[in-house]
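One structure is given here, and the rest of the page talks about it.
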Amino acid sequence: MVVGVEHEQVGPVQFDDQNLLAVHPDINLLYTINDMQSIVSAFDARTGASLWQGRLGVATREGFSASPVAFDGKVFFTNDEGETFVLRAGRTFQLMHVNRIGERTLASPALVDGHWYIRTAQHLYAIGAK
C-alpha cells in the first residue's frame with residue numbers, strides 16, 4: 001500500500017528488489033530507479049500506466065542504493081558516486097540539473113526543517129539556509 005495515494009490493483013506494473021520507489025502524491029505519480037541499469041521510470045499512480053523512462057548518468061550495475069526523494073515539485077535521485085539528479089516532477093522526463101558531492105553515498109538523503117542531510121562514506125553534510 002502506498003500511503004497518501006488512492007490506488008487499486010492495476011495491470012503490468014511490477015516492482016522488484018532492483019527498483020527504488022518515490023511517490024509524488026500532489027500529482028499522483030510514482031517514480032522508480034532501476035539499480036542495475038540507472039533507468040528512471042514514471043507511472044501514473046491511479047492507472048499504473050507507464051509515462052516515460054530515462055537514463056540517469058552512466059548505466060552502472062548496482063549504481064543506486066539511496067531511495068529517491070520527492071519534494072517541492074522535484075524528484076531527487078542520488079547515486080552511489082554522490083551525484084544527485086534533480087528531475088522536474090511531471091508527466092515528461094525533465095532533468096533540471098546534477099549536483100555532485102564527490103563522495104561515495106549509499107544512504108538516502110533526509111530533509112528536515114528546510115535542510116538536506118546527506119551521509120557519505122566520510123562525512124555528514126547539512127545543506128540549506130542558515
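If we keep just the residues of region 60-87 that are aromatic (Phe, Trp, Tyr) and crowded, with 21+ Cβ neighbours inside 10 Å, which is nearest to HIS115 (Cα to Cα)?
Here the residue is PHE76.
Taking the numbered list (1) more than 12 Å from the chain's Cα centre (by Cα); (2) surrounded by 16 or more Cβ atoms within 10 Å (Cβ to Cβ) in turn, GLY57 passes all entries but (2). Applying the selection to region 23-70, what residues are touching a Leu at 6+ places or on another chain (Cβ under 8 Å) and charged (D, E, K, R)? Residues satisfying the conditions are ASP35, ASP44. Counting just the residues of region 78-130 that are of a type in the set (Ser, Thr, Tyr) and within 13 Å of the chain's Cα centre (by Cα), which one comes out farthest from PRO68 (Cα to Cα)? Here the residue is THR84.
Within region 69-85, residues that are on the phi > 0 side of the Ramachandran plot have Cβ atoms under 7 Å from residues that are among the hydrophobic types (A, V, I, L, M, F, W, C) and outside any strand (DSSP E or B) in these pairs: GLY73/ALA89; GLY82/ILE101, counting only partners at least 6 apart in sequence or on another chain.
Quick grid of which residues meet (1) among the β-branched types (Val, Ile, Thr); (2) farther than 22 Å from THR105 by Cα; (3) at pLDDT below 90; (4) touching a helix residue (DSSP H, G or I) at 6+ places or on another chain (Cβ under 7 Å):
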site	(1), (2), (3), (4)
MET1	no, yes, yes, no
GLY4	no, yes, yes, no
HIS7	no, yes, yes, no
GLN14	no, yes, yes, no
ALA22	no, no, yes, no
LEU30	no, yes, yes, no
ALA42	no, yes, no, no
ARG55	no, no, no, no
GLU62	no, no, yes, no
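Taking first residues from region 112-129 that are closer than 16 Å to ASN99 by Cβ and partners that are part of a loop (DSSP other than H, G, I, E, B) and hydroxyl-bearing (Ser, Thr, Tyr), the Cβ contacts under 6 Å between residues at least 6 apart in sequence or on separate chains come to THR120/THR105.
If you take the residues in region 92-114 that are in a strand (DSSP E or B) and β-branched (Val, Ile, Thr), which one is surrounded by the fewest Cβ atoms within 10 Å (Cβ to Cβ)?
VAL112
The values are calculated or read from the model by the stated rules, or taken from the named source; none is laboratory data. It should be emphasised that the depicted structure is a prediction, and the values quoted were computed from it without experimental measurement. Positions of Cβ are backbone-derived with ideal geometry, glycine not excepted, and every protein chain shown enters the neighbour counts.
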